[in-house]
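Everything below concerns the one structure shown next.
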Amino acid sequence: MTYNVGLVIGSLRRESSSRRIAELLPSLAPGALQFRELAIGDLPLYNGDLEAQTPPPWQRLRAEVLASDALLFVSPEYNRSVPGGLKNAIDIGSKPTASNVWARKPAFVITQATGMLGGLAGSYALKQVLAAVNVATLPHPEIYLSRIATLFDGEGRLAADTQDLLRGALATFEAWIARFVPRRQP
C-alpha cells in the first residue's frame, strides 16, 4: 500500500535547513511513503472576510491537504514557536471550522534549530496547534535536530547517524499512518 504524505516545510527560504532535511526524507523513507510538498509561501494571510471569494492559493492548499493520507512537518523554531507562515497555513486549512481539512490526519513533526535544544519549543508549539485542529501527531519518536549546521558535512551530506535516526522514525511513522488510513482496494 502506498501512502500520500503531504510535506509541509515551515521555512520559506529556498536554502533553509528545514528544506534540506525535507528533500532528503524520500531517500530515507520506506517505499510506501510518497511525498508531495504542500507549498505555503504564496498563501495570503488568513482573513475570514476572504472566504466569500476564496483566494486560489487557499483552495489549492485545502485540496492538497484533503488529498493527503498523512502529513509530515519539517520546521525550524522561530522565537520558541512556529514560523508565522506555517501557522497561517494551518489557520487557512482549519477554516471554516466545519470544513477543517487537517482533521483526523496522522502526522509527524521534525524540528531543527541552530541551538542545543533542536527546536524543542517550536515542536511543542506546533503540536499544540495541530492538536487544536484535530491532527493525530505521532507521539514517539520525537525528532529535534540540534546544532543543525553540524549535521551536514562539507559536501552537504547529512551525517550517517542522523540518517539512521530519521530512517527509523519514518518507519515508525509508516506504522502510525497505517493505524489511521483504511486499506484501499487494488
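Which residues' amide hydrogens lie under 5 Å from the amide hydrogen of residue 136, considering only partners 5 or more residues apart or on another chain, with H built in the peptide plane?
Distant-sequence amide H within range of residue 136: 104, 105, 107.
Order of 116-122, 134-140 by packing, highest average Cβ count within 10 Å first?
So the order, starting with the most tightly packed, is 116-122, 134-140.
Can you tell which of 70, 160, 52 shows the greatest fluctuation in a Gaussian network model of the chain with Cα springs below 10 Å?
52
Would you mind putting 89-97, 26-34 in packing order, based on average other-beta-carbon counts within 10 Å, highest first?
89-97, 26-34
I'd like the orientation of helix 17-28 relative to the chain: the angle between its Cα long axis and the longest Cα principal axis, in ° from 0 to 90, rounded to 10.
80
What's the percent breakdown of Cα-Cα distances in the stretch 21-162 across 10 Å bins, shortest bin first?
Pairs per bin, as whole percents: 11, 39, 35, 13, 2, 0.
Would you mind classifying the stretch 15-100 by shape? Square roots of the alpha carbon gyration tensor eigenvalues, ordered a ≥ b ≥ c; an a/c under 1.5 is rounded, otherwise it is prolate if a/b is larger than b/c and oblate if not.
oblate
Note down the magnitude of the dipole of the chain about its Cα centre, charges +1 on Lys and Arg C-beta and -1 on Asp and Glu C-beta and zero elsewhere, to the nearest 20 debye.
The calculation lands at about 320 debye.
Could you give the nm distance between label points at residue 37 and residue 51, where each point is 7 Å from its Cα heading toward the beta carbon?
3.1
Which percent, to the nearest 5, of DSSP beta bridges fully inside the chain are antiparallel?
That works out to approximately 10 percent antiparallel.
May I ask you to derive the relative contact order of the stretch 63-186, considering only C-alpha pairs under 8 Å and at least 6 residues apart, and to give it as an integer percent?
26
Readers should treat all values here as calculations from the given coordinates under stated rules, not as data from a laboratory. Computed from a predicted structure; not experimentally measured. Note: ideal-geometry Cβ built from the backbone for every residue, glycine included; neighbour counts use all protein chains shown.
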